[in-house]
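Undergrad: To start, I am sharing the structure in question, which I have written as structure tokens.
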Amino acid sequence: MAQARNLDAADLALLNKDGPLPLAAADQMSENVIGTFGLPLSVALNFVVNGKEYVVPMAIEEPSVVAAASNAAKLAKASGGFKAAYTGSIMIGQVQLVQVKDMEEAKKKLEKNKSKIIEQANSDAKYLTAYGGGVTALQWRVILTDRGQMLIVEFLVNVVDAMGANMVNTTLERMAPTLEEMTGGKSRLKILSNLATQRMASATAVWKAEDIGGADVAEGILDAWTMAMADPYRRSTHNKGVMNGIDAVAVALGNDWRAVEAGAHSYAALKGAALTTYKLDADGNIEGKILLPLAVGTVGGSMKANPAAAMCQRILGAKTSGELAQVMAAVGLAQNFAALRAMASEGIQKGHMRLHARHIAMSAGASEVEVDEVVKRMTAGNAINEAGAKKALDEMRKAKGKN
């Protein structure tokens, strides 16, 4: 790699440097590993969820996300924090059957043998049933596609405290031959769905109007949310604000943030609505709610292989996938509320750029010991941008005789 891409000694030193994730562990976790990639690991504070206070690890390079989530959680504390719920750890796994000659007969056989199919699936799934999980139900649908009718058999699987992808996919692959024999079809895809509508997390919170800037700010939040409900272009960014917080927690805790993203945005598209809702309560305060699928786990995946993820699990202290999902839902709601509040008051960019100033100073060439002074000069001159950073750095160095 060094020869092909002209990497210098500093580049090689960076690639060979061990961090929280040792190179040897990284090499076992992925393919073609040449190093590890770091992100700032922060903690969001003030989160009270169902009466329990959490310190929430977040792996993200954007300081405004951590600051905003912590502030929104602090403001929600005045009303008791977040009340959260979870429907259970049920994942949907799909077996696609094509070339089924008699759909009605195939469906009759599935109905007749439903209990046997579930029993067989669970007899092969000791890795789930030993922990209280396993296949809980079986359902099927006929879909019409450009390549004709297809029979989609869906297994509802309780994956307990795992995200569950490997468990579900293993079950589906083992059961496919039985389904082929029973329906006369040929199995193609045997894969879980990331649209985990049987695994929903929700959270609610109340923010007092006097704490968030008054009635006009509250009305501004409602106007911003209403636009997201009505306009898909705004809704995309609105929901992205939710995921800013949720993804950062997922990354820190070694969860599959891509699966979480896919499920959330698919659910929003299915509903044609934002992931959050807001209203004024009888006292004129803002009441917010979030509802979304969250397929996350506290066991399995990269959590044990990555010591940093395991440490973050201990910092958070969520013992089950349900507890983790509820905390993450609260973080998503807090992050979204904070963004709407900022836009309804000072504007999103003012606060964002103020927190982003350190990044700008570093990209302009400021050293660690110079960053704070450069930020101070940029802020004083109201020039928080690359040109302002370079000017501030140049002026500072000249003043100190560092031409």
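Derivation of every value follows stated rules applied to the coordinates shown; laboratory data play no part. Just so it is clear, the model here is predicted, and its values are computed rather than measured. No Cβ is skipped: glycine too gets one built from the backbone with ideal geometry, and neighbour counts run over all protein chains shown.
Undergrad: Once both axes come from the Cα atoms, what is the angle between helix 371-380 and the longest principal axis of the chain, in degrees from 0 to 90, rounded to 10?
TA: 70 degrees
Undergrad: Now a separate question. Going by amide H atoms built from the backbone, whose H comes under 5 Å of the H on V55, apart from near neighbours?
TA: Amide H neighbours of V55: none.
Undergrad: Once amide H atoms are built 1.01 Å from N in the peptide plane, which residues 5 or more positions from L189, or in another chain, come under 5 Å H to H?
TA: Q96
Undergrad: Follow-up. From the P(r) of segment 198-348, can you give the percent of Cα pairs sitting at distances over 21 Å?
TA: When all Cα pairs of segment 198-348 are counted, 45 percent exceed 21 Å.
Undergrad: Can you run phi through the Karplus equation (6.51, -1.76, 1.60; θ = phi - 60°) for segment 178-193 and list ³J(HN,Hα) in whole Hz, with x for Gly and Pro?
TA: 5, 5, 4, 5, 6, 9, x, x, 10, 7, 10, 6, 9, 8, 6, 9
Undergrad: Modelling each spin label as a point 7 Å along the Cα-to-Cβ direction, I'd like the S236/R174 distance in nm, to one decimal.
TA: 4.2 nm
Undergrad: Return the long-range amide H neighbours of T320 (sequence gap of 5 or more, or a different chain), with a cut-off of under 5 Å between placed amide H atoms.
TA: For T320, no residues qualify.
Undergrad: Still on this structure, please answer the following. Over 18 Å between Cα atoms, which of K240/K279; K77/K289; K77/K208; K83/K208 qualify?
TA: On the way: K240/K279 20 Å; K77/K289 15 Å; K77/K208 10 Å; K83/K208 16 Å.
Violating the 18 Å limit, Cα to Cα: K240/K279.
Undergrad: In units of 2.2 N^0.38 Å, what is the alpha-carbon radius of gyration of segment 90-192?
TA: Details: Rg = 13.2 Å, N = 103, 2.2 N^0.38 = 12.8 Å.
Relative to the rule-of-thumb radius for its length, segment 90-192 sits at 1.03.
Undergrad: Still on this structure: Among G241, G365, Q120, which residue has its Cα furthest toward the positive end of the charge dipole of the chain, with +1 on Lys/Arg Cβ and -1 on Asp/Glu Cβ?
TA: Q120
Undergrad: Follow-up question, since we're still on this one. Checking the cross-link filter: which lysines have an alpha carbon closer than 26 Å to that of K390, excluding same-chain neighbours under 8 positions apart?
TA: K350, K376, K398, K400, K402
Undergrad: Something else: Ordered by residue, what ³J(HN,Hα) values in Hz, to whole numbers, does segment 285-298 give under the Karplus form 6.51 cos²θ - 1.76 cosθ + 1.60, where θ = phi - 60° and Gly and Pro are x?
TA: 8, 8, 10, x, 9, 10, 9, 7, x, 9, 8, 10, x, 10
Undergrad: Using a 7 Å offset from Cα along Cα-Cβ at I315, what residues in segment 10-25 end up with backbone N under 14 Å from the label point?
TA: Within reach of a label on I315: 20-21.
Undergrad: Scan segment 21-123 for chymotrypsin sites (Phe, Trp or Tyr not before Pro) in coil per DSSP, keeping those whose Cβ has at most 13 other Cβ atoms within 10 Å, and list them by number.
TA: Numbers: sites: F37, F47, Y54, F82, Y86; in loops: F37.
Those satisfying the criteria are F37.
Undergrad: Can I ask one more? Any chance you could list P(r) for the chain, counting all Cα-Cα pairs in 10 angstrom bins from zero, rounded to whole %?
TA: Each 10 Å bin holds this share of Cα pairs: 5, 18, 23, 23, 18, 9, 3, 1, 0.
Undergrad: OK, next. To the nearest 10 degrees, how steep is helix 232-252 against the longest Cα principal axis of the chain, on a 0 to 90 scale?
TA: With both axes taken from Cα atoms, the answer is about 90 degrees.
Undergrad: Subtracting the Cα-Cα distance from 0.36 nm times the residue separation, let me have the gained length for K112 to T277 in nm, one decimal. Spell out each step's value before the answer.
TA: Working: separation 165, 0.36 × 165 = 59.40 nm, distance 4.28 nm.
Gain on stretching K112 to T277: 55.1 nm.
Undergrad: Something else now. With r defined as the distance between the Cβ atoms of E61 and Q28 and R0 fixed at 25 Å, what FRET efficiency is calculated, to the nearest 0.05?
TA: On the way: r = 26 Å, r/R0 = 1.04.
Here the calculated transfer efficiency is 0.45.
Undergrad: Holding the Cα-Cα limit at 31 Å, pick out from K116/K271; K52/K304; K126/K304; K17/K391 the pairs that are longer than that. Walk me through the numbers on the way to the answer.
TA: Details: K116/K271 35 Å; K52/K304 25 Å; K126/K304 21 Å; K17/K391 34 Å.
Check vs 31 Å cut-off fails for K116/K271; K17/K391.
Undergrad: Between the helical axis of 386-399 and the dominant principal axis of the chain, each derived from Cα atoms, what acute angle in degrees is found, rounded to the nearest 10?
TA: That helix lies at roughly 40 degrees to the long axis.
Undergrad: Which of T298, T136, T204 ends up with the largest GNM mean-square fluctuation for the chain, with Cα atoms connected below 10 Å?
TA: The residue that fluctuates most here is T136.
Undergrad: Same structure again: Cut-off is 10 Å between beta-carbons; in what order do M328, M243, M182 appear when sorted fewest neighbours first? Provide the component values of the computation, followed by the final result.
TA: On the way: M328 30, M243 20, M182 17.
Exposure proxy ranking, most exposed first: M182, M243, M328.
Undergrad: Between S266 and S363, what is the label-to-label distance in nm when each label sits 7 Å out along the Cα-to-Cβ direction?
TA: For S266 paired with S363, the spin-label model returns 3.4 nm.
Undergrad: Given a Förster distance of 56 Å, report the FRET efficiency between E287 and R5 from their Cβ-Cβ distance, rounded to the nearest 0.05. Each step should come with its number before you reach the end.
TA: Values: r = 53 Å, r/R0 = 0.95.
Calculated transfer efficiency: 0.55.
Undergrad: By a straight-distance test (C-alpha under 20 Å), which aspartates and glutamates pair with K101 as possible cross-link partners, with residues fewer than eight away in the same chain excluded?
TA: K101 reaches E111, D146, E154, E180, E181.
Undergrad: Oh, and also: With θ taken as phi - 60° and the coefficients 6.51, -1.76 and 1.60, list the Karplus ³J(HN,Hα) couplings across segment 64-80 in order, rounded to whole Hz; mark glycine and proline as x.
TA: 5, 5, 5, 5, 5, 4, 5, 5, 5, 5, 5, 5, 6, 4, 4, 10, x
Undergrad: Mind giving me the FRET efficiency for V299 and M227? R0 is 41 Å, r the Cβ-Cβ distance, nearest 0.05 is fine.
TA: Numbers: r = 40 Å, r/R0 = 0.99.
Taking R0 as 41 Å, the efficiency between V299 and M227 is 0.50.
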